[in-house]
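Okay, structure first, notes after.
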Amino acid sequence: MNSSSTTWQSTKHRATVLWVVAISATALLFDGYDLVVYGTVLPVLMNEPSHLGEISAAQAGALGSYALIGVLVGALLCGAIGDIIGRRRIMLINIVWFSVGMGLTAMTTSIAMFGFLRFITGIGVGALVATAGAVVAEFAPPGKRNLFNAIVYSGVPAGGVMASLLAILLRDTIGWRGMFWIGALPLVILLPLAIAKLPESPKWLATRGRADEALAITQKFDLPAPAVAAPVVTEGPRAKVGYAALVSRRYAVATLLLGSMSFAGLLLTYGLNTWLPVIMEDAGFNARNSLAFLLVLNGGAIAGGVIASRFADRKGPQRVVATTFTLATFSLILLTFGLPLPLLFALVAAAGTGTIGTQVLIYGFVSNYYETSARAAGVAWCAGFGRLGGIGGPLAGGFLISMGVSPAAAFYVFAAIALAGAAATMVVPKKPVDESMVITQPETDTVKA
């Protein structure tokens, strides 16, 4: 049965894809928890030096960036090897990696070791974030790819919601160390499920010339057979794979623009997740309300990202991403108007859609933009280069806070970055045709079904 004419081949096909989506989303749930939990415990670490030592605003910004530097390294490493060793192996290794990293961070007693372990943990986070988009793109049926991608990458802001909510409920009881121990749970609750339920991508196996293995998986899980790759033309140049494809003539401009979009999206994501509680405390809100703003920011990202993904499947992701970036611009500006608390919460939710939710949509845009042989590298580039913005977000926030700027000025800076992201989105070239997966037929022979 042709997968382009129907959504599901069977109930087994549907169940397999839903397991893949659920495992990937749960992995990114804890990734999001890992990256946001620092912002929830930062006020405690800064106000009580007995935990790790005296932490200034500039040091706090740097510590927030160490994990993101690790994410950058992990994403780029994944891009280099993800199209070689496979999607499943990357997922399993890095579930273990970041879980162990979180557990070790919970036991640290110095600022230097805390920062080092945040970097190490970030490597596992980056590899998972970069791989999830490729996994979803290669398992999701046509017409649902942006939706399933949004569900999976909504795990990141959902992790932020979980971190914020647990901080409100438990931080004073279990302390900051307990908050980090929660982040180690995937080692015992997710890894066994991933080993049992996550198959390797048949599309990836087909591109590696492992047709028998691809066929065995499609038969076992009743998945659609991957398209037949075009014969290799020995007289001409070989098709470029991985990072080499990203800088080829057909992708170079788009690669730069997609990376710039991710740079803006992740700067906004981690700048706001790290500093929103502090900014709102400086604006006069108490600690509980400040954490509530963080909860609303990520909650808005989840709901808005999933809703926007439905439009992306119908209308294409480019216009939708530009629209949500613009939504962030206006929401962040309106936050400076001194509006009543209910309106502020609504604007923070809209800002979550336009910043964190936009980054969710960008991953879907990227994972479906590149062909299979360059997909892992494309998502890794997007996640990796974007992490430069993610690294800059906490640093920029720390710089603004340490300079004593007003909350309004900080929001204006973030709004300008969102507007620049919208501009970059609008000029991304049209997606090239995936020539590597065109089914060809010799003139004198017939292709066997």
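Overview of results
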| read-out | value |
| --- | --- |
| Net dipole in debye of region 12-437 [+1 Lys, Arg Cβ; -1 Asp, Glu Cβ; about Cα centre; nearest 20] | 1060 |
| Charge tally in the Cβ shell below 13 Å around residue 314, where Lys, Arg are +1 and Asp, Glu are -1, residue 314 excluded | +4 |
| Convex hull volume per residue for region 1-154, taking Cα atoms only, in Å³ | 110 |
| Rounded to the nearest 20 debye, dipole of region 99-225 from Cβ charges on Lys, Arg, Asp, Glu | 140 |
| Residue of 94, 146, 298 that the Gaussian network model of the chain assigns the largest fluctuation, springs spanning Cα pairs under 10 Å | 94 |
| The chain, relative contact order [Cα under 8 Å, separation at least 6], % | 26 |
| The chain: angle of helix 87-105 to the longest principal axis, Cα-based, in degrees nearest 10 | 20 |
| For the chain, fraction of C-alpha pairs farther apart than 43 Å, in % | 12 |
| Greater than 27 Å apart at Cα, pairs in 12/203; 203/431; 197/430; 12/430; 144/430 | 197/430; 12/430 |
| Helix 111-139 axis, angle to the chain major axis (alpha carbon atoms, nearest 10°) | 30 |
| Helix 252-282 vs. the chain, principal-axis angle (Cα, 0 to 90°, nearest 10) | 30 |
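Rule-based calculations on the coordinates, nothing more; no lab input. As the structure is a computational prediction, the values presented were derived from the model and not from experiment. Counting neighbours? That spans all protein chains shown, and the Cβs are built from the backbone with ideal geometry, glycine included.
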